[in-house]
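A quick write-up on the structure given underneath.
The values are calculated or read from the model by the stated rules, or taken from the named source; none is laboratory data. Quantities reported herein were computed from a predicted structural model and do not represent experimental measurements. Cβ sites come from the backbone with ideal geometry, for glycine too, and all protein chains shown count toward neighbours. For accessibility, only protein heavy atoms count, side chains too; no ligands or nucleic acids. Shrake-Rupley method; radii C 1.70, N 1.55, O 1.52, S 1.80 Å.
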Amino acid sequence: MIGSSNILNLSTLCKFLKKHDDYIILTHTSPDGDTLGSAYALALGLISIGKKAFVVCNDEIPEKYNYFVKEANLKSIDYKTVVAVDVADAKLLGSLYEKYSDKIELTIDHHVSNTHYAKNLYLDAAASATAECIYEILKKLHIKITPLMATALYTGISTDTGCFKYSNVTPKTHRIAAELHSFGIDAAEINRKMFDTKSKQRVELEKMVLETAEFLFDDRCLLLTVTSEMQSRSGCEPSDLDGVASISRSVEGVLIGVSIKQSEKDTYKISLRTYEPFNASEICKTLGGGGHKAAAGCTLIGSLSEVKKQIVDAVGKAIEENDARAIVTE
Ligand SMILES: [Mn+2]
């Protein structure tokens, strides 16, 4: 369902942030580097100009983000203004949804699929990460960027771009990253933590996940499955599952990567990773989800075989439509 947010531009957004105070900044469930990096950088920035702010997440924040989350050392306050960052849909707030859904004054986001659930919305769909938006906001507010703010922002951009590898990277992404370097970050260390560090449990899980690989539609689609049983057998924490969906990206010829992750008995989180001409967000939208062109998701209810059929049918339809278009243009 699409709401009706008042749309802000960079200057009206900055006016809003100057006018209000006592911010609670909400992140999405299964928090990633972008929602966390954006939230912490914004909170630290607001605090540096005399405001009060803190960050709330529905889920426990994975320890691998401690280098800015713990370092920020934010204390909770009596909030007045509720802001959500990188949250495309109020449902992605998890259990925070009931508490805050009608109080969200502002959302700052980069998801094309944003459902306009907040009273005010600042949306830059061309930004690779919400952290890009936050960087521009802090600059516009003349906030002095500290190494900690820059570290949080760089984490957001680097993680949402797969370490600057995805098609959402623009010249501006690199310019902002370059500017962040000048604020005293250790980019190599951030990227090592985010991309080149795997737990032993994760390796055990990957062994099992690769066993489930199914190549479909003339090998253009790769389907991977992660059951709860695999998660417990490998000893993986939920955060160890990050990036499983991206395994398909490196397989030659695969244009649509699908990962099916069991979250509860009959609940599965589907992640799609696509290359041109396919659009992950469009495919997920047909199943009640959304996201970006190259990365999107949805949640499906049913047995594994039912859920698999639903997503495979949706992918099959997209492939059929694409092939039909290709014939017409030949
Ligand atoms: Mn993001």
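Grab the beta carbon distance between Ala125 and Glu237, set R0 = 35 Å, and tell me the FRET efficiency rounded to 0.05.
0.65
Can you send over the carbon and sulfur percentage of the accessible area for the chain, probe radius 1.4 Å, protein chains only?
On the way: 8240 of 15740 Å².
Ligands and nucleic acids excluded, carbon and sulfur reach 52 percent.
Once the dipole of the chain is set up with Lys and Arg at +1 and Asp and Glu at -1 on Cβ about the Cα centre, which of Leu272, Phe16, Leu205 lies farthest towards its positive end?
Phe16
7 Å from Cα along Cα→Cβ at both Ile7 and Asp22: what's the point-to-point distance in nm?
In this crude label model, Ile7 to Asp22 measures out at 3.2 nm.
Based on DSSP, what percent of beta bridges with both residues in the chain are antiparallel, to the nearest 5? Mind showing how you got there, number by number?
On the way: 20 of 44 bridges.
Close to 45 percent.
Add -39500 (n - 2.57) for each DSSP H run of 4 or more in the chain, then divide by its residues: what number comes out at 222 nm, to the nearest 500 deg cm²/dmol?
Working: 12 runs with 134 residues, N = 330.
Theoretical 222 nm ellipticity from helices: -12500 deg cm²/dmol.
Would you please name the trypsin sites (Lys or Arg not before Pro) within the range 128-168 that are DSSP coil residues with at most 16 other C-beta atoms within 10 Å of their C-beta? Show your work: numbers first, answer last.
On the way: sites: Lys139, Lys140, Lys144, Lys165; in loops: Lys144, Lys165.
Sites meeting the loop and neighbour criteria: Lys144, Lys165.
With labels modelled as points extended 7 Å from the Cα through the Cβ direction, what inter-label distance (nm, one decimal) is found for Thr146 paired with Glu320?
So the label points at Thr146 and Glu320 sit 5.7 nm apart.
Rg/Rh for the range 175-285: what does it come to with C-alpha atoms and Rh from Kirkwood? Walk me through the intermediate numbers first.
Values: Rg = 16.4 Å, Rh = 15.7 Å.
Rounded to two decimals, Rg over Rh is 1.04.
Which entries in the list Lys19/Lys80; Lys15/Lys51; Lys80/Lys119; Lys165/Lys200; Lys64/Lys91 go over 18 Å, if you measure between the two C-alpha atoms of each? Show your work: numbers first, answer last.
Details: Lys19/Lys80 12 Å; Lys15/Lys51 14 Å; Lys80/Lys119 14 Å; Lys165/Lys200 25 Å; Lys64/Lys91 25 Å.
Distance filter (> 18 Å) returns Lys165/Lys200; Lys64/Lys91.
Would you mind computing, in nm to one decimal, how far apart the modelled labels at Asp196 and Ile61 are, each placed 7 Å from Cα along Cα→Cβ?
Rounded to a tenth, the inter-label distance reads 2.6 nm.
With a 1.4 Å probe and all protein chains kept in place, how do Ser182, Ser38 rank by accessible area, largest first? Spell out each step's value before the answer.
Details: Ser182 90, Ser38 0 Å².
Solvent-accessible surface, decreasing: Ser182, Ser38.
How fast does the chain diffuse by Stokes-Einstein, in µm²/s, taking the Kirkwood radius from C-alpha pairs at 4 °C and 1.567 mPa s? Provide the component values of the computation, followed by the final result.
Numbers: Rh = 20.5 Å.
Rounded to a whole number, D works out at 63 µm²/s.
Which residues in the range 5-48 place their backbone N less than 12 Å from a point set 7 Å from the Cα of Lys99 along the Cα-to-Cβ direction?
24-27
Treating only the Cβ of Lys, Arg, Asp and Glu as charged (+1, +1, -1, -1), what charge dipole size does the range 230-270 show about its Cα centre? Round to the nearest 20 debye.
Details: 5 positive and 6 negative charges, 19 e Å.
That gives a dipole near 100 debye.
For Glu306, what accessible area in Å² do you get when you roll a 1.4 Å probe over the heavy atoms of the protein chains, rounding to the nearest 10?
110 Å²
Relative contact order for the chain using alpha-carbon pairs under 8 Å, separation at least 6, rounded to a whole percent?
Values: 615 pairs, mean separation 42.9, N = 330.
13 percent.
Would you mind working out the accessible area per residue for the range 6-195, using a 1.4 Å probe, and quoting it in Å²?
Numbers: 8090 Å² over 190 residues.
Normalised by residue count, the accessible surface of the range 6-195 is 43 Å².
Given a Förster distance of 22 angstrom, what is the FRET efficiency for Ser305 paired with Val251, based on the Cβ-Cβ distance and rounded to 0.05? Write out the running numbers ahead of the final one.
On the way: r = 23 Å, r/R0 = 1.07.
The value I calculate is 0.40.
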